[in-house]
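Data first, discussion second: the structure below is written as structure tokens.
The values are calculated or read from the model by the stated rules, or taken from the named source; none is laboratory data. Keep in mind that this is a model prediction, so the values were computed, not measured. Methodologically, a virtual Cβ is constructed for each residue, glycine included, from the backbone with ideal geometry; neighbour enumeration extends over all protein chains shown.
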């Protein structure tokens, strides 16, 4: 190591962009995956997302929640119903893990410019189902001891995604829900719907975190927007893209959605083209 020739920040290569789109249901998070430039592959974990991606020019595989026991399970386990069926072993997470590892080894992602994960609320639930099964408590209420292994597994998975996206040169896209919460001072703010420490860990793993919002204009036309800068209510928002306004319209014309052509002229494609 030499001390006389420090490296210049102008030469920094940070790798591929990693988008996390957060917002309430119906805010357009999933739909924006189709506006990324190039070819997109999407992992779908939320059954409702299938309705959104239907007809869009993207490839996908779905790994949906396993069948759960339907017996009533109150917090007081001594008073729970007698199970009528034990429930099959939850394997959705294992199937996703096998697909992802094989995709990395085989070069499957080389033909894609973007790899997406929709959505994190359901993805972490797949992990929780597996942890509860391994702990002999599948179908029951999670306890504090169940959350830690899910948080650690989620963190390890996403660290691998970050490394591999840079090595194999694909852009990352993911979605997460938000909910209203209160801080110790009673202030209401929007919080990512992820477990415990993931609320702090996850934002540091993305280069761009945008808040998605939907609205209807005076002509009764639906509009979509993303907020690109942090504020007191959304301190986790951030952007690595330059020349963006604090709020950007990302509406996709209905005719464009129906045709499936030139989608990258709108949404995230439009924001990327500003660079």
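The table that follows gives values for the structure above.
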{"quantity": "Residue in segment 82-91 that is within 25 Å of residue 264 (Cβ to Cβ) and modelled with pLDDT of 90 or more present", "calculated": "no"}
{"quantity": "Residue 78, sole failed condition from (1) modelled with pLDDT of 85 or more; (2) not in a loop (DSSP other than H, G, I, E, B)", "calculated": "(1)"}
{"quantity": "Unique match (being touching a strand residue (DSSP E or B) at 6+ places or on another chain (Cβ under 7 Å), in contact (Cβ under 8 Å) with a residue 40 or more places away in the chain and surrounded by 12 or more Cβ atoms within 10 Å (Cβ to Cβ)) among 233, 264", "calculated": "233"}
{"quantity": "In segment 166-215, the residues that are in a loop (DSSP other than H, G, I, E, B) and either within 18 Å of the chain's Cα centre (by Cα) or modelled with pLDDT of 90 or more (or both)", "calculated": "168, 169, 170, 193, 194, 195, 196, 197, 206, 207"}
{"quantity": "Among residues of segment 1-20, those that are more than 21 Å from residue 229 (Cα to Cα) and at pLDDT 85 or above, counted", "calculated": "0"}
{"quantity": "Any hit, segment 21-36, residues being part of a strand (DSSP E or B), at pLDDT 90 or above and farther than 30 Å from residue 233 by Cβ", "calculated": "no"}
{"quantity": "Every pair of residues 6+ apart whose Cβ atoms lie under 9 Å, when the first sits in segment 160-178 and is on the phi > 0 side of the Ramachandran plot while the second is surrounded by fewer than 17 Cβ atoms within 10 Å (Cβ to Cβ) and in a helix (DSSP H, G or I)", "calculated": "169/110"}
{"quantity": "Verdict on residue 144 being surrounded by fewer than 13 Cβ atoms within 10 Å (Cβ to Cβ), at pLDDT 90 or above and over 24 Å from residue 35 (Cα atoms)", "calculated": "no"}
{"quantity": "Conditions (1) buried (at least 20 other Cβ atoms within 10 Å of the Cβ); (2) under 20 Å from the mean Cα position of the chain (by Cα): number failed by residue 138", "calculated": "(2)"}
{"quantity": "Single unsatisfied condition, residue 240 versus (1) part of a loop (DSSP other than H, G, I, E, B); (2) surrounded by 19 or more Cβ atoms within 10 Å (Cβ to Cβ)", "calculated": "(2)"}
{"quantity": "Within segment 258-275, tally of residues that are within 22 Å of the chain's Cα centre (by Cα) and not in a loop (DSSP other than H, G, I, E, B)", "calculated": "8"}
{"quantity": "Count of segment 216-230 residues which are part of a strand (DSSP E or B) and surrounded by 12 or more Cβ atoms within 10 Å (Cβ to Cβ)", "calculated": "6"}
{"quantity": "Single residue of segment 127-144 satisfying the filter (in a helix (DSSP H, G or I) and touching a helix residue (DSSP H, G or I) at 6+ places or on another chain (Cβ under 9 Å)) that is farthest from residue 194 (Cα to Cα)", "calculated": "134"}
